[in-house]
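Visitor: Can you keep this structure in mind? I'll have questions shortly.
The values are calculated or read from the model by the stated rules, or taken from the named source; none is laboratory data. Computed from a predicted model, the values in this text were never measured in an experiment. Glycine gets a Cβ as well: all are built from the backbone with ideal geometry, and neighbour counts include every protein chain shown.
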Amino acid sequence: MADPGRGPVVVTGAGSGIGRAVAEAFARQGATVVALARSTDATGELAAQHDSVVSLSMDVTVEDSVVDVAAQVTRDHGAPSALVTCAAAGAAAGPTESLSLSAWRDALECDLTGTFLSNREFGRPMLKAGYGRIVNMTSFHTVATYPQRAAYVAAKSGVEGLVKGLAVEWGGRGVTVNAVAPGPIRTPRTQFFLDSDPANEAGMIGRTPAGRIGELPDVVAAVSFLAGPDAAWISGQVLVVDGGWTSNAWWGQHPFRP
Amino acid sequence: MTDLFSLAGEKVLVTGSSSGLGAAVAGMLAEAGATVACAARTSAKAEAAARLLVGRGLAAVPVVADLADEGQVDALVPAAVEAMDGFTGLVNVAGVQLRRPAVDVSRDDLRAMVHVNLEATYLLCAAAGRVLLPQGRGSVVNVTSLTAQFGLPSLSVYGATRGGSVQQLTRALAVEWAPSGVRANAVAPGRIRTPMTEGLFADDETRGSFERHIPMGRGGRPVDVAAAVLYLLSPAAAYVTGHTLVVDGGWSVSGSLGG
């Protein structure tokens, strides 16, 4: 559902996990994709595999870096048709009573401030062009969370506030701003959690009505819908992709599971 | 990637398909490859809706039910199964909106909205579940309303029956049916220009007020809602269930005074 007649699709955090999957999916559709990450090791591989992928280094926590890359992208490829922000810091997991200020700041700097900077710099050319689709990756933790994730939840909830603020401010100028909030998705980061204790996977599946952990294409499809031309009148929303997790208040194994 | 949004091989019942949102939904689902059973209150309306799609080279069949009549509601899903020779999805679009100050809602008004907005929606979902659960796959999308979350004058009973109740029903079905591979989601439209709301949009002052209050600066089109329904029914939303997708041009997140 990408709009082939328009400018590039810009993806932050495109080196791994959800960002990489999003970049690959749009590239397979034939869109020009600007794949951004701090290191171009992984995005460079993507660019080598797909003619339509441009790999650039950008650090979302460094203002000059975002400003310079956004200017370069707009100059070389035109105003972006879509921006998908997937860059994220580590989960800053741990007891909050002993969470260091620097760990808190790292989470907020990358997940919230980095999203703001990306939205501001890539949003400006979209406003000028009168068209744009922004999809910011948040998390089902903004609906219902775990212990020891306070910084992560605060940052991602902040992004959803930003989504509302920009939707209201930019809606009249052709730019929609939404979030996709994935539930447990099998990515390198969650695979580590799953591998660390077999009970973790069983617990996650037991808690998820759909009875499986989400896969990258589940998230990519939601992004593809919101970034496409048909989602023209959806703005300020959080699309939750979680197999029913946050609708579910049942405890333990689902009573109707075969 | 494009196949993610394809409904090829799907057989979907759409209520309220003779006009407005329902017609747009039926059209978009059929264009995405589904066979659509177009439900309407009279056979003339249902046949006209189906004929319109068939005339565009799409697959559609008419089915008839007055959703205020419990017996006709009970017969609708079986009729759709027979007419389409199968059944994989249901979209509940039909609804009754009677604008009345809460103190002026008559028992007849109340019953009309409860019967169509809540009872018929529930009965059709349950009937769909009886077909879909043994199949181990399928999807239901209920059109609800922003009145699930917001109060609007003269829409108290509409909000309770079409908004809050159906949104919660959808969430509960999603959790109950997910282990069987059947998904349930909702779409909550904001101000959409349809025959049901034409009176509001035809008034310049009211329309101007919508345009000032809606961040995207316009009322919605039926296709804006249909696109959300298509996404939720399609394989693209395979891991989305229990969700209410708001399609409102940013209205519900705006506190703007509309100046």
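Visitor: Just to be sure I understand, how many residues within the range B:55-96 are under 18 Å from B:Leu118 (Cα atoms), buried (at least 20 other Cβ atoms within 10 Å of the Cβ) and not hydrophobic (A, V, I, L, M, F, W, C)?
Guide: Going through the range B:55-96 one residue at a time, the tally reaches 2.
Visitor: Only one of B:Asn142, B:Asn117, B:Asn92 is within 14 Å of chain A (Cβ to nearest Cβ) and closer than 23 Å to B:Leu21 by Cα. Can you tell me which?
Guide: B:Asn142
Visitor: Tell me which residues, restricted to the range B:121-155, are modelled with pLDDT of 95 or more and either in contact with an Asp or Glu (Cβ under 8 Å, 6 or more places away or on another chain) or β-branched (Val, Ile, Thr) (or both).
Guide: B:Thr121, B:Leu123, B:Ala127, B:Val131, B:Val140, B:Val141, B:Val143, B:Thr144
Visitor: Go through the range B:1-19 and report how many residues are modelled with pLDDT under 95 and closer than 12 Å to B:Ala49 by Cα.
Guide: Here the count works out to 1.
Visitor: Right, here's the next one. If I filter the range B:171-179 for residues that are in contact (Cβ under 8 Å) with a residue 24 or more places away in the chain, under 17 Å from B:Ser145 (Cβ atoms) and within 7 Å of another protein chain (Cβ to nearest Cβ), do I get at least one hit?
Guide: Scanning the range B:171-179, I find at least one residue that is in contact (Cβ under 8 Å) with a residue 24 or more places away in the chain, under 17 Å from B:Ser145 (Cβ atoms) and within 7 Å of another protein chain (Cβ to nearest Cβ), so the answer is yes.
Visitor: For B:Tyr239, all conditions in the list (1) within 8 Å of another protein chain (Cβ to nearest Cβ); (2) of a type outside the set (A, V, I, L, M, F, W, C); (3) in contact (Cβ under 8 Å) with a residue 60 or more places away in the chain; (4) at negative phi hold save one; what is the number of the exception?
Guide: Unmet condition: (3).
Visitor: Only one of (1) surrounded by 24 or more Cβ atoms within 10 Å (Cβ to Cβ); (2) free of Cβ contacts under 8 Å to residues at least 12 places away in the same chain fails for A:Gly19. Which number is that?
Guide: (2)
Visitor: Among the listed residues A:Val168, A:Val163, identify the single one that is modelled with pLDDT of 95 or more, hydrophobic (A, V, I, L, M, F, W, C) and surrounded by 23 or more Cβ atoms within 10 Å (Cβ to Cβ).
Guide: Step by step, each of A:Val168, A:Val163 is checked, and only A:Val163 is modelled with pLDDT of 95 or more, hydrophobic (A, V, I, L, M, F, W, C) and surrounded by 23 or more Cβ atoms within 10 Å (Cβ to Cβ).
Visitor: While we're on this one: Look at the range B:149-166 and say how many of its residues are farther than 17 Å from B:Thr197 by Cα, in a helix (DSSP H, G or I) and in contact with a Ser or Thr (Cβ under 7 Å, 6 or more places away or on another chain).
Guide: Looking only at that region, the number is 1.
Visitor: Oh, and also: Pull up the range A:137-176, narrow it to residues that are among the aliphatic types (A, V, I, L, M), in a helix (DSSP H, G or I) and away from chain B (no Cβ under 12 Å), then point me to the one that is nearest to A:Thr246 (Cα to Cα).
Guide: Ranking the candidates gives A:Val153 first.
Visitor: Next question. Can you tell me which residue within the range B:206-236, out of those that are more than 7 Å from chain A (Cβ to nearest Cβ) and small (Gly, Ala, Ser), is surrounded by the most Cβ atoms within 10 Å (Cβ to Cβ)?
Guide: The extreme case among them is B:Ala226.
Visitor: Scan (1) under 14 Å from A:Leu239 (Cβ atoms); (2) out of contact with any strand residue (DSSP E or B) (no Cβ under 8 Å at 6 or more places or on another chain) for the single condition B:Val240 breaks and write down its number.
Guide: Looking at each condition in turn, B:Val240 falls short on (2).
Visitor: Another question, if that's okay. Any idea which residue in the range B:243-259 is nearest to A:Ala232 (Cα to Cα), counting only those that are touching a strand residue (DSSP E or B) at 6+ places or on another chain (Cβ under 7 Å) and not in a loop (DSSP other than H, G, I, E, B)?
Guide: Restricting to residues being touching a strand residue (DSSP E or B) at 6+ places or on another chain (Cβ under 7 Å) and not in a loop (DSSP other than H, G, I, E, B), the top hit is B:Val247.
Visitor: Another question about this same structure. Which fully enclosed helices (runs of 4 or more DSSP H) of the range A:184-258 have 1 or more residues being more than 7 Å from chain B (Cβ to nearest Cβ) and closer than 27 Å to A:Gly172 by Cα?
Guide: Of the helices (runs of 4 or more DSSP H) lying wholly inside the range A:184-258, those with at least 1 residues that are more than 7 Å from chain B (Cβ to nearest Cβ) and closer than 27 Å to A:Gly172 by Cα span A:216-226.
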